[in-house]
Each structure stands twice: as structure tokens, then as C-alpha cells.
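Everything on this sheet refers to the single structure shown next.
The values are calculated or read from the model by the stated rules, or taken from the named source; none is laboratory data. If you're wondering where the values come from, they're calculated on a predicted model, not measured in any experiment. Neighbour counts run over all protein chains shown; Cβ positions are idealised from the backbone, glycine included.
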Amino acid sequence: MVTRDPLVDSYGRVHRDLRISVTDRCSLRCTYCMPEDGVPWLPRATMLTTEEVVRIADVAVSMGIEEVRLTGGEPLLRRDLVDVVAGITALEGPAGSPEVSMTTNAIGLAKNAAALHEAGMTRVNVSLDTLRRDVFISLAKRDRLADTLAGVHAAAEAGMVPVKINTVLMRGVNDAPEDVVALLTFALEHGYELRFIEQMPLDAQHGWDRTQMITGEEILGMLRTGYDLAAQPDEARGSAPAELFDVRPLGVGPDAGSPPLGTVGAIASVTMPFCGSCDRVRLTADGMIRNCLFATGETDLRTPMREGASDDELADLLRASIGAKLPGHGINQPDFLQPPRPMSAIGG
Ligand code: SAM
Ligand code: SF4
């Protein structure tokens, strides 16, 4: 096992979480992410192979990365996904083997949840924005709600714990309070952890509009029409972006001695940024390191790797990228510029 110094940036943030986008292709067209016609896909030849992904993960794990999250695009579209998972789970660094999870729309997960779990994937985050078929079609432009639901349940049956559900609300599309409460009821009934994410300016169409964004505060207000919520102490949060709430039946009172039905989270990336505790770094499907979702620059690892760079040289490039990380995303500053890559090509 090779051990290198940890990935610490100039603000003292230690990086332990690597997000790997394994493809920029997707089976859905969620409006807040991609236009209905898709976007120009990355050329196949630029996409990292299984071995290349695992090699970069190995270098990162030697520098203290403890958690690897596979994302995209839709990671399930990658045919070698099980091999990628097995390759990364087998790595060892100073913190042991990394925990491998995935963010997915779950289309097709019913077929291979068991194989992914067997290969070492322990947890999944499934994106599900509505339980209504008509709303799903208008938001994601494909009639695939049933596939997503089958995928979520298959993940739980395969033994993935926890199964988290990520929801983005869009004004006038999937923001009816009764539908938002229904999502929480669904999650509580099945033991899934629901988290709402504020919509961020990362859509390929550059259509994000702050005045239309549904804030974390507003979402909590909708949920409180159906349940009592009590904020968990901040210490429970650590570097996790979600503010967590215990959920109890309406009228019981948030401080009642009864155990909560479950928890719900709000990730208010825009209105309450959590950049000060960020421990994430991202690798795109074409081998670029991004030190922030909103970075306007990237560090190319693919070209040096294909030209014969050693692991130490790749580690130096990764360290330099983290060293140049800015203190925050700057969405709320007047000179904010949306990055050229859309969310689907960065990896959420
Ligand atoms: N296709 C997979 C999925 O949807 O889970 C993985 C990739 S997707 C880009 C990762 C996450 O980013 C999803 O939970 C999605 O809802 C979220 N996302 C995409 N565009 C977003 C935006 N503009 N603002 C906030 N979250 C966004
Ligand atoms: Fe695809 Fe995920 Fe983007 Fe939706 S959010 S279009 S599922 S990459």
C-alpha cells in the first residue's frame, strides 16, 4: 500500500471524498440538468477506461480519500460499472478501503443492484423528484417513473444501506405541497432517507433563475404542512451538506418523547452554502480534476496519464488542483460565472 500526504487545501480543508463521473450520457433529460435534445457528448476516445478510472482512484486513495461516489450522467449506462466498483473497492489507503456509493436515476438498477452490491457498493442515492407519472414526464422528458421506482426498491432489497432519495423541486413543475409531503411519506414508509437539494445554476441551458428557485426554507414550510420537523444538532452534520430534521406525525410536537418516524434533509447549497467544510474533489469522465462543482478551471490528468506520467506525477497534479481551490462557490456574488460544463458532464 502506498501512502501519501493528505489532500489539504490552503484553507485547511482535508479532502476525503472523491466523486467520479463515469459517463456524461444519460437516460433522462431532467430540465434542471439537460435540454430535451441532450448535449454534445464527450468523444468516446476521451473517456477514461476502467483501468484509468481505478488508477486515478488509487492515487487519490493513497492521499486519504475515504469515500468514492460514482455519478454522471447516468452511471448505470456504463457497461463496466461492476468492474469499476470492484476495482475501487479493492484499493487500500491510509484510511483502509474506500466506501463506494453511487448517485443514480436508478433506471436499470433493478437488473444489477445485486451485482453492484456484491462488487462492494454499499449505498446509493437515487434521484426522484416526483411520484406522479405525468409530472415525471414533464420534468424528465421520459416515461420512466416505474423503472426508477423498481430500481430504488431493488437497491434496498440488494442490501444497500442507506438508500437516500435526492429531490430537486422546480417551481410550477413538481412543487405542489401535497406531492412534496407524499414524497416524504413514501420515503418514511420504505425507510429511505429523503433530501431536498436547492436547484443550482448548472443546467446546460443556463436557464437557472434565482427568483424562481425554491429555497430550503420554502421546502421545510411545505413539509411542515404534513409533519412536525425538529432540527438535529449541527454537530451531527460534520462535512455533510444536509441539514437534518427528525420527522414526527403532525400534532405530536417536535419535542415529544416519541421516537421520530425518520429524518429528512435539506441541502441549501445556494441560500446556506457549506463550502467552509467541503471535503470533495471531482473527476470527470474525460479525466479532468475539478476542485469544485463551480470551478471554471480543471486539471487534466488524462493526457499526462496517457503520455506515461507516474503515479507520483499524477498525485502532484491532484495536489496542485486542491491547492488552488477557492474558499467558496461564489453563486451569491455579482461576478459569479456559471461553469462551461453542465452538471451532467461534471458529476453531481
Ligand atoms: N444521473 C444521476 C442522477 O440523476 O442521480 C447522477 C448524476 S446527477 C447530475 C446527480 C445529482 O445532481 C442528481 O441528484 C440531480 O438531481 C442533481 N442535479 C442535477 N442538476 C442539478 C441542478 N441544476 N441543481 C441541483 N441539483 C442538480
Ligand atoms: Fe440525467 Fe441525472 Fe441529469 Fe437527470 S439529473 S438528466 S438523471 S444526469
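Worth a mention:
- Region 82-130 - residue that is assigned to a loop (DSSP other than H, G, I, E, B) and either among the aromatic types (F, W, Y) or at positive phi (or both) and, of those, nearest to ligand 1 (Cβ to nearest atom): A106
- Counted residues, region 306-324 - those being assigned to a helix (DSSP H, G or I) and either touching a residue at least 40 places away in the same chain (Cβ under 8 Å) or charged (D, E, K, R) (or both): 12
Residue-by-condition table, conditions (1) outside any loop (DSSP other than H, G, I, E, B); (2) in contact with a Cys (Cβ under 6 Å, 6 or more places away or on another chain); (3) within 20 Å of M343 (Cβ to Cβ):
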{"residue": "L244", "(1), (2), (3)": "yes, no, no"}
{"residue": "V252", "(1), (2), (3)": "no, no, no"}
{"residue": "G257", "(1), (2), (3)": "no, no, no"}
{"residue": "T263", "(1), (2), (3)": "yes, no, no"}
{"residue": "P273", "(1), (2), (3)": "no, no, yes"}
{"residue": "V281", "(1), (2), (3)": "yes, no, yes"}
{"residue": "A285", "(1), (2), (3)": "no, no, yes"}
{"residue": "F294", "(1), (2), (3)": "no, no, yes"}
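- Screening the candidates R123, R195 for the property of being touching a residue at least 40 places away in the same chain (Cβ under 8 Å), within 16 Å of ligand 2 (Cβ to nearest atom) and buried (at least 17 other Cβ atoms within 10 Å of the Cβ) yields one hit, R195.
- Every residue from region 133-176 that is part of a strand (DSSP E or B) and among the β-branched types (V, I, T): V163, I165, T167, V168
- When region 231-266 is filtered for residues that are modelled with pLDDT of 90 or more, within 20 Å of E178 (Cα to Cα) and either surrounded by 15 or more Cβ atoms within 10 Å (Cβ to Cβ) or aliphatic (A, V, I, L, M) (or both), the ones remaining, listed by number, are F245, D246, V247, R248, L250, L261, G262, T263, V264, G265, A266.
- Qualifying residue in region 43-63 (condition: outside any loop (DSSP other than H, G, I, E, B), within 30 Å of L169 (Cα to Cα), modelled with pLDDT of 95 or more and touching a strand residue (DSSP E or B) at 6+ places or on another chain (Cβ under 6 Å)): no
- For region 77-95, the condition holds for no residue, the condition being that it is within 16 Å of ligand 2 (Cβ to nearest atom), surrounded by 24 or more Cβ atoms within 10 Å (Cβ to Cβ), more than 28 Å from D311 (Cα to Cα) and in contact (Cβ under 8 Å) with a residue 40 or more places away in the chain.
- Members of region 1-55 found to be more than 16 Å from ligand 2 (Cβ to nearest atom) and hydroxyl-bearing (S, T, Y), listed by number: T3, S10, Y11, T46, T49, T50
- Residue satisfying condition, being without any contact (Cβ under 8 Å) to a residue 60 or more places away in the chain and either in contact with a Lys or Arg (Cβ under 9 Å, 6 or more places away or on another chain) or within 16 Å of ligand 1 (Cβ to nearest atom) (or both), within set E52, E66, E36: E66
- Under the condition of being away from ligand 2 (no atom under 16 Å from the Cβ) and on the phi < 0 side of the Ramachandran plot, the residues counted in region 56-76 number 12.
- Residue in region 241-255 that is within 16 Å of ligand 1 (Cβ to nearest atom) and in contact (Cβ under 8 Å) with a residue 40 or more places away in the chain present: yes
- Conditions (1) within 15 Å of ligand 1 (Cβ to nearest atom); (2) of a type in the set (A, V, I, L, M, F, W, C); (3) touching a residue at least 40 places away in the same chain (Cβ under 8 Å): number failed by C292: (3)
- Criterion: within 22 Å of the chain's Cα centre (by Cα), at pLDDT 85 or above and farther than 29 Å from R195 by Cα - qualifying residue of T299, T284, T271: T299
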